[in-house]
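Only one structure is covered here, and it is reproduced in the block below.
The values are calculated or read from the model by the stated rules, or taken from the named source; none is laboratory data. Since the model is a prediction, treat every value here as computed from it, not as a measurement. When we count neighbours, we look across all protein chains shown, and the Cβ atoms used for this are built from the backbone with ideal geometry, even at glycine.
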Amino acid sequence: MKQLKLVTALSLCLTISLSAIAQPKRHVIIGYVGGYRGLIDTSMVNAKKLTHLNYAFVNVKDNRAWLTNIKTDTTNFKNLLKLKKVNPDLKILISIGGWAWSKNFSDAVLTDTSRSAFAASAVEITRKYNLDGVDIDWEYPDNIGDGNVFRPADKQNFTLMFKALRKELDKLEKETHKKLFLTAAVGGFKRFTEHTEMDKVAKYLNYVNLMTYDYFQDSLGIAVHHTNLYASKKYNPNFDSGDKAVNDFIAAGVPAKKLVLGVAFYGHSSRVTDTTANGLGIKTDGKMRAGGFTFIKDSLVNDATKGFKYYRDNDAAAPYLFNSVTRQFITYDDEWSIKNKCDYVSKKGMAGVMFWEYSSDRKEYLLNEINADLK
């Protein structure tokens, strides 16, 4: 009888062990919410469909992480924390910087003293409001952004900043006995890796969020995809793409398991000079409004009276709309391109996906697709 019980117990342990091994690792689904606009409508956020939520943005001022509107920010933190009642595993991070608030990063992390003070101020916000970590969106180290200060020393100071942040977070972890996250949103192009030490930076980070969108730039002078997964054959194949960014960051020393692919919940649009090729790859002569995906899907794709026709660039795994009367070209992500990206993330052994920004798809068409593909 004792032998039978022992065999049964061993069999049960083996079954549990094998079951644990067979369980696939859960992908992360990281969403950004725009607190810089004011109060966030947290009723739109479905916490069960996310693993992480990044609060954008915290400013950099006087070499410190700075809450620009303390009343609004603190109210937002309080309301976001309530989402944990729905999903206790949800992690809420502050995201520091962004396009408009990266001006002072270079000065803030220039010396050992300033870096320590900056890191302490960022982690103090995390501690004070009972959050789960820090995300840095510096646009861009040692490179031009929106009027930002930049210098060659940024390359090394970018690394040292994360070292200082990780040190402060480790101290807070010992105090709170909970895991705290450190992540970075990075430019989805090779130039970013050339001006940083991503192999060293990655050692301090839980995730590297690739901003593989906004490839649609006026400086190119032609209508191109803004969040394509692969290169298009309709225009210069050397232009940026998600796949190119992933491979560039892996080549720079970032493990695939830490890489998070960025997807766009909004579109970019321009007017092209003629109607050939349905707008793709054609010269542009002005900007036009695109909007978020809920608007694009409900008001443009599904409304034939608006005059838009839907196309797919299968080589690039990217959809687009074109109106031959107004010559308006719109590039964006949809459910089809999201599925392609999620399949890519799984095949590449990547950590998951992140998106900018929640309010652009309030009906959660794209978030539902992400959950269907990655869970």
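From Leu18, Leu10, Leu50, Leu39, which residue is at pLDDT 95 or above, surrounded by fewer than 16 Cβ atoms within 10 Å (Cβ to Cβ) and either over 22 Å from Phe158 (Cβ atoms) or of a type outside the set (Phe, Trp, Tyr) (or both)? Of Leu18, Leu10, Leu50, Leu39, the one residue that is at pLDDT 95 or above, surrounded by fewer than 16 Cβ atoms within 10 Å (Cβ to Cβ) and either over 22 Å from Phe158 (Cβ atoms) or of a type outside the set (Phe, Trp, Tyr) (or both) is Leu39. Answer yes or no as to whether Val134 is assigned to a loop (DSSP other than H, G, I, E, B), closer than 24 Å to Asp214 by Cβ and aliphatic (A, V, I, L, M). No. Among the residues of the range 231-248, just one is in a loop (DSSP other than H, G, I, E, B), of a type in the set (Lys, Arg) and either in contact with a helix residue (DSSP H, G or I) (Cβ under 9 Å, 6 or more places away or on another chain) or free of Cβ contacts under 8 Å to residues at least 60 places away in the same chain (or both), namely Lys234.
Evaluating Ile144 against the criteria (1) closer than 25 Å to Gly262 by Cβ; (2) crowded, with 18+ Cβ neighbours inside 10 Å; (3) of a type in the set (A, V, I, L, M) leaves one unmet condition, (2).
Within the bounds of the range 261-279, is there any residue that is in a loop (DSSP other than H, G, I, E, B), over 14 Å from Pro319 (Cα atoms) and of a type in the set (A, V, I, L, M, F, W, C)? The answer is no; no qualifying residue exists. Can Leu210 be described as buried (at least 24 other Cβ atoms within 10 Å of the Cβ) and within 25 Å of Phe162 (Cα to Cα)? In short, yes.
When the range 323-340 is filtered for residues that are crowded, with 23+ Cβ neighbours inside 10 Å and either under 16 Å from Ile29 (Cα atoms) or not aliphatic (A, V, I, L, M) (or both), the ones remaining, listed by number, are Gln328, Phe329, Thr331, Tyr332, Asp333, Ser337, Ile338. Filtered by the rule that a residue be more than 23 Å from Arg37 (Cα to Cα) and either buried (at least 17 other Cβ atoms within 10 Å of the Cβ) or β-branched (Val, Ile, Thr) (or both), the range 344-364 gives Tyr344, Val345, Met350, Ala351, Gly352, Val353. Restricting the range 249-294 to residues that are exposed (fewer than 15 other Cβ atoms within 10 Å of the Cβ) and free of Cβ contacts under 8 Å to residues at least 40 places away in the same chain, the residue that is nearest to the chain's Cα centre (by Cα) is Arg289. Applying the condition of being hydrophobic (A, V, I, L, M, F, W, C) and free of Cβ contacts under 8 Å to residues at least 40 places away in the same chain to the range 322-341 and asking which residue is nearest to Val272 (Cα to Cα) yields Val325.
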